[in-house]
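J.: The structure follows.
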Amino acid sequence: MKMMKKNSVLIFVVAILIFIAMQYAGPDIKNPPVTTALPVPDDVRLVLKKACYDCHSNETQLLWFDKIAPASWMVAQDIADARKVLNFSTWDSLAPADQKAKLFEAFNQISLGAMPLKQYAALHPEAKLSAVDISVLKNYITSLVSVKTSDTSRIHAANKQYNEWVGAKTKIENVKPSPNGIEYIPDFKNWKVISTSDRFDNGTMRVIVANDIAVKAIKENHINPWPNGATFAKIGWEELIDSTGKVNSGEFRQVEFMIKDDKKYEKTAGWGWARWKGMQLTPYGKTETFTQECINCHKPVKDNDFVFTMPLHLKSK
Ligand code: HEC
Ligand code: HEC
């Protein structure tokens, strides 16, 4: 009996010593210099500051409980990972188009509830974003990306371009495959529209179409996971807003595909990803690792088999 008591005291003392030692061995979270102030309106910056800057900037302000090991190790890892993908303090190092894309991605992560990280928001209630905060971001991003034009000739030219493009039998032999080996699928022009999207990423309008296998799966409500062969295309046009405020589709921007095959594409979340850009249909990506970009952005809907679009008639269920 006495022996046991002694042992538990010993274990307790050792645990305390380890805990104290951990505090010394703990990571030192440094704030490297801020090279740019984020050039956005004050209200937008305030929203990002309160919810995102602790991880996605060099202006991390930790609370006392973030600094205690072992929690501090996890926090340090999160911050290092977060700064790598998005750092508002080195904003200038991004090209303007990438800045817009990052802001849109940030907005997406917020509106899907993926960011700020849940475990962080639970401990830092001030970081939770209100509906007002979210609309501040949305309005700002929309103002960046829409092309306002009173030039109807631009709209007519765009329509003409599109009609020619759809009407033409695309010379498939001229379209290069994607760097991951996926071949262009001209047939998507005959697929069924399952959704149009009013998201506003870089001022584009989008239409999402599905092939027969996917449409059948929708009818049979067999969509999580999607059956092999199910394929989606997302087509994007520039968005032109005319003087009356009406939205028109402008130039063709790109078409993207997701092709389901849980064996062939096991390494890329069960989907083959590919994108062709512009009227020349130039394949996107320098190497096959471009798919990581696609997967990262689709990750918030991984419980939906990585597919964002809910077919219209299933939405109410
Ligand atoms: C507690 C730390 C933390 C906070 C706070 C936080 N993030 Fe993150 N964020 C992360 C981590 C960790 C990653 C993942 C990096 C990776 O994939 O390696 C990440 C990834 C991202 C990505 C890139 C997604 C990807 O994988 O490409 C975006 C965009 C993003 N965060 C936006 C935000 C925005 C906007 C906020 C504020 C509303 C925010 N984050 C708040 C830690 C955080
Ligand atoms: C910035 C985030 C982001 C990136 C990066 C991204 N996507 Fe998406 N993708 C979306 C969103 C959001 C949707 C939902 C439709 C919409 O709102 O436009 C979507 C929809 C799609 C769809 C229609 C099926 C669905 O999930 O709804 C396809 C196909 C697609 N993306 C392919 C790709 C490919 C291929 C890549 C990489 C080359 C890619 N995406 C990269 C955000 C992204």
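The values are calculated or read from the model by the stated rules, or taken from the named source; none is laboratory data. Every value quoted in this text rests on a predicted model; they were computed, and no experiment measured them. Note that each Cβ is placed from the backbone with ideal geometry, even for glycine, and that neighbours are counted across all protein chains shown. Areas reflect the complete protein model, heavy atoms only, side chains present, ligands, DNA and RNA absent. Shrake-Rupley method; radii C 1.70, N 1.55, O 1.52, S 1.80 Å.
J.: Can you give the FRET efficiency to the nearest 0.05 for Ile20 and Asp42, using r as the Cβ-Cβ distance and R₀ = 30 Å?
T.: So, using R0 = 30 Å, E works out to roughly 0.10.
J.: Here's another thing I want to ask about it. Peptides 83-91, 212-220: what's the order by average Cβ count within 10 Å, highest mean first?
T.: Listed from highest to lowest mean packing, they are 83-91, 212-220.
J.: Hey, which of these cross-link pairs are over 26 Å Cα-Cα: Lys100/Lys234; Lys102/Lys277; Lys118/Lys277; Lys49/Lys277; Lys216/Lys264?
T.: Beyond 26 Å between Cα atoms: Lys118/Lys277; Lys49/Lys277.
J.: What spacing in nm lies between the two simple spin-label points modelled at Leu123 and Asn31, each 7 Å away from Cα in the Cβ direction?
T.: Using points 7 Å along Cα→Cβ, the separation is 1.8 nm.
J.: How much net charge surrounds Asp66 when only the other residues with a Cβ under 11 Å from the Cβ of Asp66 are counted, with Lys and Arg +1 and Asp and Glu -1?
T.: Its environment carries a net charge of -1.
J.: Go through 5-16, 39-50, 99-110 and give me the packing order, highest mean Cβ count within 10 Å leading.
T.: 99-110, 39-50, 5-16
J.: May I pose another question? If I model a spin label at Lys176 and Thr282 as a point 7 Å from the Cα along the Cα→Cβ vector, what separation in nanometres do I get?
T.: With each label point 7 Å from Cα toward Cβ, the separation is 0.9 nm.
J.: May I ask you to compute the full-extension gain from Lys138 to Lys50, defined as 0.36 nm times their residue separation minus their alpha-carbon distance, rounded to one decimal in nm?
T.: 30.0 nm
J.: Evaluate E = 1/(1 + (r/R0)^6) for Ala97 and Thr289, where r is the Cβ-Cβ distance and R0 equals 22 Å; express this FRET efficiency to the nearest 0.05.
T.: 0.65
J.: Give me the Å³ per residue figure for the convex hull around the C-alpha atoms of the range 2-144.
T.: With only Cα atoms used, the range 2-144 gives 121 Å³ per residue.
J.: What is the dipole size for the range 2-144, taken about its Cα centre, with +1 at each Lys and Arg Cβ and -1 at each Asp and Glu Cβ, in debye to the nearest 20?
T.: So the magnitude is around 680 debye.
J.: Still on this structure, please answer the following. How do Val209, Val132 stack up against each other in accessible area, from largest to smallest, with a 1.4 angstrom probe?
T.: Ranking Val209, Val132 by accessible area, largest first, yields Val132, Val209.
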